[in-house]
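The values are calculated or read from the model by the stated rules, or taken from the named source; none is laboratory data. Because the structure is predicted, anything quoted here is derived from the model rather than measured. Positions of Cβ are generated from backbone atoms using ideal geometry, with glycine treated the same way; all protein chains shown enter the neighbour counts.
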Amino acid sequence: MVPGQQDGAQVHFADGRQETFDLVVGADGAWSRTRPAVSPVAPHYTGVTSVETSLDDVDTRHPDLARLIGDGSVSAYGANRSLVAQRNSGGHVKVYTKFRAPLDWHTHLDLADAEAVRASLLALFDGWAPPILDLLRHGTAFVHRPFYALPVSHTWTHVPGVTLLGDAAHLMPPLGAGANLAMLEGAELAESIATAPGDLDEAVRAFEERMWARAGRWAKITTAGLERLVSPDPAEAIAQFDQVQPS
Ligand SMILES: Cc1cc2nc3c(=O)[nH]c(=O)nc-3n(C[C@H](O)[C@H](O)[C@H](O)COP(=O)(O)OP(=O)(O)OC[C@H]3O[C@@H](n4cnc5c(N)ncnc54)[C@H](O)[C@@H]3O)c2cc1C
């Protein structure tokens, strides 16, 4: 992409086509192909990784676990690891394990081998209460998701014709903010453009200032939250985290 042209930004597509747009919005997630047009910064590994699994028809197949999870979610915390089981619709439950580990922790494990991953997780959570371990015993496929983040308060010098929103702009630990921010920002960018007809660049600048301020606050909260929730002694940290509100 060639940003900052007088008539907008020129995009080079993989099939060789080139096209110029008034505004290119990089809403293309953590590994944004648009971000390099405005910022040289890339996401870094947070030191915390996650392996996710799920259970189907939990009310019928696993009524004890369904009662444990209730209508919402259940979380359990230990030294440098945690597990959250969250009820979705239709009796589907997502189970997220999180633990501190080097990025290459799975070098000797075939991540495509569900039984090997299950055994590895059961060893990692050895000694935890049987119902918590049952969430892993009954899980189906396992998905590995190392957590990456952009630096807290990532901003860039405004470039005419290009902007970012969502994870592309402010990838942060997944503690309940990212999708909400991305949706809100999409709406706010549209609103900013619609209410400043004739001055697209000014509308985008105003949007960026607002996004940066709010995303910076959430990045700080979620970064501190991940540090505390997956830590050697999470008990005190959880009590503190529950009281944190964005300003
Ligand atoms: C395990 C986990 C749990 C989470 N839980 C929550 C939660 O409870 N609440 C919450 O608010 N957030 C949560 N999040 C964070 C949330 O998922 C993200 O912040 C959100 O999806 C970001 O939205 P986005 O549109 O910026 O990026 P994405 O959702 O990543 O969407 C980007 C889109 O761009 C497309 N794309 C990428 N590159 C290209 C390209 N070159 N050309 C065309 N298309 C492209 C991708 O295919 C994708 O569809 C969670 C994240 C994880 C990993």
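Summary table
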{"read-out": "Residue count, region 157-206 (criterion: within 15 Å of the ligand (Cβ to nearest atom) and part of a helix (DSSP H, G or I))", "value": "17"}
{"read-out": "Some residue of region 97-105 being β-branched (Val, Ile, Thr) and either modelled with pLDDT under 95 or more than 17 Å from GLU52 (Cβ to Cβ) (or both)", "value": "no"}
{"read-out": "Filter result for VAL152 (among the hydrophobic types (A, V, I, L, M, F, W, C), closer than 30 Å to GLY8 by Cβ and within 16 Å of the ligand (Cβ to nearest atom))", "value": "no"}
{"read-out": "Residue satisfying all of: in region 37-64; in a loop (DSSP other than H, G, I, E, B), more than 16 Å from the ligand (Cβ to nearest atom) and under 19 Å from TYR96 (Cβ atoms); farthest from the chain's Cα centre (by Cα) among these", "value": "HIS62"}
{"read-out": "Test: ALA119 is free of Cβ contacts under 8 Å to residues at least 12 places away in the same chain and either within 16 Å of the ligand (Cβ to nearest atom) or in a helix (DSSP H, G or I) (or both)", "value": "yes"}
{"read-out": "Residue count, region 68-92 (criterion: surrounded by 13 or more Cβ atoms within 10 Å (Cβ to Cβ), in contact (Cβ under 8 Å) with a residue 40 or more places away in the chain and not charged (D, E, K, R))", "value": "8"}
{"read-out": "Yes/no for LEU124 being on the phi < 0 side of the Ramachandran plot, out of contact with any Lys or Arg (no Cβ under 8 Å at 6 or more places or on another chain) and not basic (Lys, Arg)", "value": "no"}
{"read-out": "Which numbered condition TYR96 fails, given (1) surrounded by 13 or more Cβ atoms within 10 Å (Cβ to Cβ); (2) assigned to a loop (DSSP other than H, G, I, E, B)", "value": "(2)"}
{"read-out": "Yes/no for ASP126 being assigned by TED's automatic domain parsing to the domain that holds SER73, more than 23 Å from the chain's Cα centre (by Cα), under 27 Å from SER75 (Cβ atoms) and in contact (Cβ under 8 Å) with a residue 12 or more places away in the chain", "value": "no"}
{"read-out": "Some residue of region 16-24 being over 21 Å from the mean Cα position of the chain (by Cα), part of a loop (DSSP other than H, G, I, E, B) and of a type in the set (Val, Ile, Thr)", "value": "no"}
